[in-house]
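The values are calculated or read from the model by the stated rules, or taken from the named source; none is laboratory data. Every value quoted in this text rests on a predicted model; they were computed, and no experiment measured them. Using ideal geometry, Cβ is built from the backbone for each residue, glycine included, and neighbour counts are taken over all protein chains shown. These area figures cover heavy atoms from the full protein model, side chains too; ligands, DNA and RNA do not enter into them. Shrake-Rupley method; radii C 1.70, N 1.55, O 1.52, S 1.80 Å.
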Amino acid sequence: MTAQPTAAPPTMTALRAHLRGGPEQFELEEAPVPEPGEGEVLVEVHAAAITFAELDWDLSWTRDGADRTPVIPSHEFSGTVAALGPDADGTFQLGDEVYGLVPFDRDGAAAQYVAVPLANLGRKPVGVGHVQAAALPLAAATAWQALVRHARVRSAERVLIHGGAGGVGAFAVQIAAALGADVTATVLEPQRGFVAGLGAHRVIDASAEDFDGDGRAYDVVLDTVGGDVLVRSFGVLRPRGRLVSLQAPPDPELATAHDVEPLFFVVGPDPEALGAVAALAETGRLVIPIAATFPLADGRAAYASGARSPRPPGKTVLIVR
Ligand SMILES: NC(=O)c1ccc[n+]([C@@H]2O[C@H](COP(=O)([O-])OP(=O)(O)OC[C@H]3O[C@@H](n4cnc5c(N)ncnc54)[C@H](OP(=O)(O)O)[C@@H]3O)[C@@H](O)[C@H]2O)c1
């Protein structure tokens, strides 16, 4: 859908940190509106989602090893195209509703505007609000890449997803079910009902039950937990089964010993994944859990809420406009 864009002013309200640290570093202040570079667009942000762990990553504070403060956090967003950079290829027009991911070594979307490379953008799913659309790009695109591009899941295959209630896992359960797979998910007990509601055919409470009691029962395992769970997963895969890990590459020697295909990747810019996720969201059947929303003005409190335990499933989202 195309809405009339408003011309970008020279400055904007942004959440910024001038020193590396935690939520206490964030101030709401005026900052220059970024200039979209070659092959980039400027997006007027409506909602920006938080990845709490980003404050611990070097990439969030440095580029090529050099301090890049002041920094703007939040790297997933939903909004409208406000300006096109030189050589933007015509994929998007002013006013288009878009969603996407800002590279982690650039200023993020906790601001009225963000500049983003075209490859990091997709069309916002029609009928999905900005808050929910902002919660999709990182977790849902990772789940789609893991299951479709890397594990090549086919209808009727048996798929085991570890951490089915997590950020990536909850979308993985739904995407695998949409692909026609027979889905089993492991969870920790309080999350059982939530994951059963996402379309998992079987939910295993990993705190009370072993997931590896049925022998070599699965065609695909997607592991979002790691450690011992990853090591034990080799033994539940059928010969030539695919084991996708998100935390660290599966051990190649164990893979050979079990005749399993080991797979690991790091999520990257992927318009095809964003398009596929948008198509699924437009069916109206994708559950997009939102843990909490905060206005941009309460951005510091939003980041501080990451210390709460336990946290409800889903993203914490800043409402910018
Ligand atoms: N390679 C990539 O491109 C990529 C992309 C995205 C994420 N990741 C990585 O993938 C991992 C998962 O990310 P995420 O955002 O989905 O994390 P998350 O939201 O913390 O999800 C992990 C889930 O697993 C649950 N869990 C913990 N131990 C378990 C066990 N033994 N059995 C079953 N469930 C268990 C957690 O429950 P509790 O919350 O109760 O502990 C949580 O629901 C992280 O390490 C992240 O860094 C990698």
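Among residues of segment 263-282 that are near the ligand (Cβ under 10 Å from one of its atoms), those with a Cβ under 6 angstrom from a residue that is of a type in the set (Ser, Thr, Tyr), sequence gap 6+ or separate chain, pair up as PHE264/SER245; VAL267/THR142. The residues on offer are PRO23, PRO34, PRO86, PRO5, and the sole one that is more than 16 Å from the ligand (Cβ to nearest atom), open to solvent by 20 Å² or more (accessible area, probe 1.4 Å), at pLDDT below 95 and in contact with a Leu (Cβ under 8 Å, 6 or more places away or on another chain) is PRO5. Taking segment 192-208, which residues are closer than 22 Å to ILE288 by Cα, buried (at least 17 other Cβ atoms within 10 Å of the Cβ) and hydrophobic (A, V, I, L, M, F, W, C)? Answer for segment 192-208, where residues must be closer than 22 Å to ILE288 by Cα, buried (at least 17 other Cβ atoms within 10 Å of the Cβ) and hydrophobic (A, V, I, L, M, F, W, C): PHE194, VAL195, LEU198, ALA200, VAL203, ILE204. Considering segment 252-282, and only residues there that are of a type in the set (Val, Ile, Thr) and modelled with pLDDT of 95 or more, the residue that is farthest from LEU230 (Cα to Cα) turns out to be VAL277.
Determine which member of the set ARG216, ARG300, ARG285 is open to solvent by 60 Å² or more (accessible area, probe 1.4 Å) and closer than 29 Å to LEU28 by Cα. Please lay out each step first, then the result.
Numbers: ARG216 fails: closer than 29 Å to LEU28 by Cα; ARG285 fails: closer than 29 Å to LEU28 by Cα.
Among ARG216, ARG300, ARG285, only ARG300 is open to solvent by 60 Å² or more (accessible area, probe 1.4 Å) and closer than 29 Å to LEU28 by Cα.
Please determine whether any residue of segment 240-247 is more than 25 Å from the chain's Cα centre (by Cα) and not assigned by TED's automatic domain parsing to the domain that holds ALA47. It would help to see each step written out before you state the result.
Pass one, segment 240-247, residues more than 25 Å from the chain's Cα centre (by Cα): 240-241.
Going one step further and asking which of them are not assigned by TED's automatic domain parsing to the domain that holds ALA47, we end up with 240-241.
Yes: one or more hits.
Counting only residues that are under 16 Å from HIS75 (Cβ atoms) and charged (D, E, K, R), which one in segment 37-61 is surrounded by the most Cβ atoms within 10 Å (Cβ to Cβ)? Only one residue tops the list, namely GLU40.
Can you say whether GLY314 is open to solvent by less than 70 Å² (accessible area, probe 1.4 Å), touching a strand residue (DSSP E or B) at 6+ places or on another chain (Cβ under 7 Å) and more than 14 Å from the ligand (Cβ to nearest atom), as far as the supplied structure shows? Steps first, answer last, please.
Values: open to solvent by less than 70 Å² (accessible area, probe 1.4 Å): yes; touching a strand residue (DSSP E or B) at 6+ places or on another chain (Cβ under 7 Å): yes; more than 14 Å from the ligand (Cβ to nearest atom): no.
It is false that GLY314 is open to solvent by less than 70 Å² (accessible area, probe 1.4 Å), touching a strand residue (DSSP E or B) at 6+ places or on another chain (Cβ under 7 Å) and more than 14 Å from the ligand (Cβ to nearest atom).
Listed conditions (1) in contact (Cβ under 8 Å) with a residue 24 or more places away in the chain; (2) crowded, with 23+ Cβ neighbours inside 10 Å are all met by PHE211, apart from (2).
Checking each residue in segment 179-191 for being buried (at least 18 other Cβ atoms within 10 Å of the Cβ) and either within 13 Å of the ligand (Cβ to nearest atom) or within 19 Å of the chain's Cα centre (by Cα) (or both) picks out THR184, ALA185, THR186, VAL187, GLN191. Residue count for segment 146-160, restricted to those that are open to solvent by 10 Å² or more (accessible area, probe 1.4 Å) and either hydrophobic (A, V, I, L, M, F, W, C) or within 16 Å of the ligand (Cβ to nearest atom) (or both): 5.
When each of GLY169, GLY163 is tested for being open to solvent by less than 30 Å² (accessible area, probe 1.4 Å), on the phi > 0 side of the Ramachandran plot and within 9 Å of the ligand (Cβ to nearest atom), the lone residue that passes is GLY163.
Restricted to segment 113-136, and to residues that are in a loop (DSSP other than H, G, I, E, B) and surrounded by fewer than 22 Cβ atoms within 10 Å (Cβ to Cβ), which residue is nearest to the ligand (Cβ to nearest atom)? Break it down stepwise before answering.
Looking only at segment 113-136, we keep the residues that are in a loop (DSSP other than H, G, I, E, B), and these are 124-129, 135-136.
Subsequent filtering for residues that are surrounded by fewer than 22 Cβ atoms within 10 Å (Cβ to Cβ) retains 126-129.
On the way: VAL126: 26, GLY127: 25, VAL128: 20, GLY129: 22 Å.
Of everything passing the filter in segment 113-136, VAL128 is nearest to the ligand (Cβ to nearest atom).
Flag: ASP214 does not match the condition of being of a type in the set (Asp, Glu), within 10 Å of the ligand (Cβ to nearest atom) and touching a helix residue (DSSP H, G or I) at 6+ places or on another chain (Cβ under 8 Å). Determine whether GLY100 is open to solvent by less than 10 Å² (accessible area, probe 1.4 Å) and within 13 Å of the ligand (Cβ to nearest atom). So GLY100 fails the test. Of the residues in segment 268-277, at least one is closer than 30 Å to ALA134 by Cβ, surrounded by fewer than 16 Cβ atoms within 10 Å (Cβ to Cβ) and touching a Lys or Arg at 6+ places or on another chain (Cβ under 9 Å). Return the residues of segment 275-306 that are farther than 30 Å from ARG20 by Cβ, under 17 Å from the mean Cα position of the chain (by Cα) and assigned to a helix (DSSP H, G or I); say none if nothing qualifies. The answer is GLY275, ALA276, VAL277, ALA278, ALA279, LEU280, ALA281. Away from the ligand (no atom under 15 Å from the Cβ) and within 25 Å of ALA196 (Cα to Cα): is that true of ALA255 in this structure? Judged against the criteria, ALA255 is not a match.
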